[in-house]
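Participant: Below is one structure. I have some questions about it.
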Amino acid sequence: MAESAKKELPRKAVQELVIDGDQLPEKYIHKGGDGGVLDVPLVQIPVVDLALLSSFSTSTEELQKLRSALSSWGCFQAINHGMTHTFLDEVREATKQFFDLPMAVKRKYSREVDDIEGYGNDMILSQQQTLDWTDRLYLTVNPQDQRRLKFWPESPEDFRDILDDYTIKLGKVTEVVLKGMARSLNLEDDCFLEQYGKRSTMTARFNYYPKCPRPDLVLGVKPHADGSGITILLQDKEVEGLQFQKDNQWFKVPIISEALLINVGDQAEIMSNGIFKSPVHRVVTNSETERISLAVFCIPEPGKEIGPVDGLVNESSPRLYKKMKNFVDIYFQYYQQGKRPIDAAKI
Ligand SMILES: O=C(O)CCC(=O)C(=O)O
Ligand SMILES: [Fe+2]
């Protein structure tokens, strides 16, 4: 098959709509008033010091904070994660420089039909779908032999090295967090890591949200919970946009530029038998300025069974979730039908 035939029918990147000054296309508009509301209360997401979670210097107070954050909000701001502020800025800068490249250059990394990997925007799954106001670059990082380098930008020049370096460091962060999560529940340190398996997946999603003429009608990302075990998000340094839902109300997340925002995904909710919550979140757009973010999804090995850890299931806390395999596949089927994927795992 000719290379061009494999590509999806040409559709403008959101960035192009803005550059060309197009009218806001209908398919981005949320009818029924469920577009973005920018003016929602700010919530102080708990801040957890990762240096105090590592095995040598575990602080009971910090473990308690972690447990409470993950069972109420389902997320926390991680500080002391071992990366300098300068390095995080380099990651942000590489992201920004990629999206600043001419469209023709970015298109070399375009995703193909029915494939999520590469540069592009929402996959069209149904005609009724309302599209997200965002362009993305989606890359598998681990296991290393699954990397598809044809999608990895060669410009900016240091992009690949920075991503490699960043995700090696996030591997360590993941280990500290998963062990801390286990310890905070009085479980064996490795119980979540064992479920992750030796060939766990790490995928990186670089998000670019152009300025939007009608933030009240459009969303950067529709409400969703992540299908990961945990997600590690590097937020834009200056521009807010992320909101979490709690008790049917939306709250905006403040920016702490040196922190990583870590949230529970559906698979950690399942493994913790519902103690940790996989929060519903969304992104609103902004008429004044663009926004970038980088979400890294840390996902248990596909094909390996995950389920509530034995130590959490007993007579007074019955098992709430089934054992599951290949949750990410189920995730997309459910998401496509507008349902919450975690419902597939509920008993
Ligand atoms: O851009 C953000 O702040 C969050 C993005 C997000 O939720 C995702 O990529 O799953
Ligand atoms: Fe998300």
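Participant: Being part of a strand (DSSP E or B) and over 23 Å from residue 81 (Cα atoms), is that true of even one residue in the range 267-281?
Facilitator: Yes, some residue in the range 267-281 is part of a strand (DSSP E or B) and over 23 Å from residue 81 (Cα atoms).
Participant: Suppose we keep only residues that are in a loop (DSSP other than H, G, I, E, B) and open to solvent by 50 Å² or more (accessible area, probe 1.4 Å) within the range 33-57. Which one would you say is modelled with the lowest pLDDT?
Facilitator: 34
Participant: Residue 136 - would you say it is in contact with a Lys or Arg (Cβ under 9 Å, 6 or more places away or on another chain) and either within 16 Å of ligand 1 (Cβ to nearest atom) or open to solvent by 20 Å² or more (accessible area, probe 1.4 Å) (or both)?
Facilitator: When the stated conditions are applied, residue 136 passes them.
Per-residue answers, yes or no, for (1) of a type outside the set (Asp, Glu); (2) within 27 Å of residue 165 (Cβ to Cβ); (3) near ligand 1 (Cβ under 10 Å from one of its atoms):
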position: 219; (1), (2), (3): yes, no, no
position: 233; (1), (2), (3): yes, yes, yes
position: 258; (1), (2), (3): no, yes, no
position: 264; (1), (2), (3): yes, yes, no
position: 267; (1), (2), (3): yes, yes, no
position: 276; (1), (2), (3): yes, no, no
position: 296; (1), (2), (3): yes, yes, yes
position: 299; (1), (2), (3): yes, yes, no
position: 306; (1), (2), (3): yes, no, no
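Participant: Residues to consider are 137, 66, 70; find the one that is modelled with pLDDT of 95 or more, in a strand (DSSP E or B) and within 28 Å of residue 268 (Cα to Cα).
Facilitator: Among 137, 66, 70, only 137 is modelled with pLDDT of 95 or more, in a strand (DSSP E or B) and within 28 Å of residue 268 (Cα to Cα).
Participant: Picking from 213, 279, 223, which residue would you name as being within 20 Å of residue 34 (Cα to Cα), within 12 Å of ligand 2 (Cβ to nearest atom), of a type outside the set (Lys, Arg) and modelled with pLDDT under 95?
Facilitator: It is 223.
Participant: Same structure, new question: Between a residue in the range 59-75 that is touching a residue at least 12 places away in the same chain (Cβ under 8 Å) and any residue that is part of a helix (DSSP H, G or I), which pairs come within a Cβ distance under 6 Å, given they are 6 or more apart or on different chains?
Facilitator: Going by the 6 Å Cβ cut-off, the qualifying pairs are 62/52; 63/183; 63/184; 66/180; 66/184; 67/184.
Results for (1) among the β-branched types (Val, Ile, Thr); (2) in contact with a Leu (Cβ under 7 Å, 6 or more places away or on another chain); (3) surrounded by fewer than 22 Cβ atoms within 10 Å (Cβ to Cβ), shown as yes or no for each residue.
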position: 245; (1), (2), (3): no, no, yes
position: 276; (1), (2), (3): no, yes, no
position: 281; (1), (2), (3): no, yes, no
position: 298; (1), (2), (3): no, no, no
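Participant: Any residue that is in a strand (DSSP E or B) and within 13 Å of ligand 2 (Cβ to nearest atom) - is there at least one of those in the range 246-255?
Facilitator: Checking the range 246-255: not a single residue is in a strand (DSSP E or B) and within 13 Å of ligand 2 (Cβ to nearest atom).
Participant: Quick one: is residue 272 closer than 26 Å to residue 171 by Cβ, hydroxyl-bearing (Ser, Thr, Tyr) and more than 11 Å from ligand 2 (Cβ to nearest atom)?
Facilitator: yes
Participant: Separate question: Restricting the range 228-242 to residues that are in contact with an Asp or Glu (Cβ under 8 Å, 6 or more places away or on another chain) and open to solvent by 10 Å² or more (accessible area, probe 1.4 Å), which is farthest from residue 291 (Cα to Cα)?
Facilitator: 237
Participant: Looking at the structure I just gave you, is residue 41 in contact (Cβ under 8 Å) with a residue 24 or more places away in the chain and more than 27 Å from residue 290 (Cβ to Cβ)?
Facilitator: When the stated conditions are applied, residue 41 does not pass them.
Participant: Does residue 212 count as touching a Gly at 6+ places or on another chain (Cβ under 7 Å), buried (at least 23 other Cβ atoms within 10 Å of the Cβ) and not β-branched (Val, Ile, Thr)?
Facilitator: no
The values are calculated or read from the model by the stated rules, or taken from the named source; none is laboratory data. Bear in mind the structure is a predicted one, so any value in this text is a computation, not a measurement. All Cβ positions, even for glycine, are placed from backbone atoms using ideal geometry, and neighbour counts span all protein chains on display. These area figures cover heavy atoms from the full protein model, side chains too; ligands, DNA and RNA do not enter into them. Shrake-Rupley method; radii C 1.70, N 1.55, O 1.52, S 1.80 Å.
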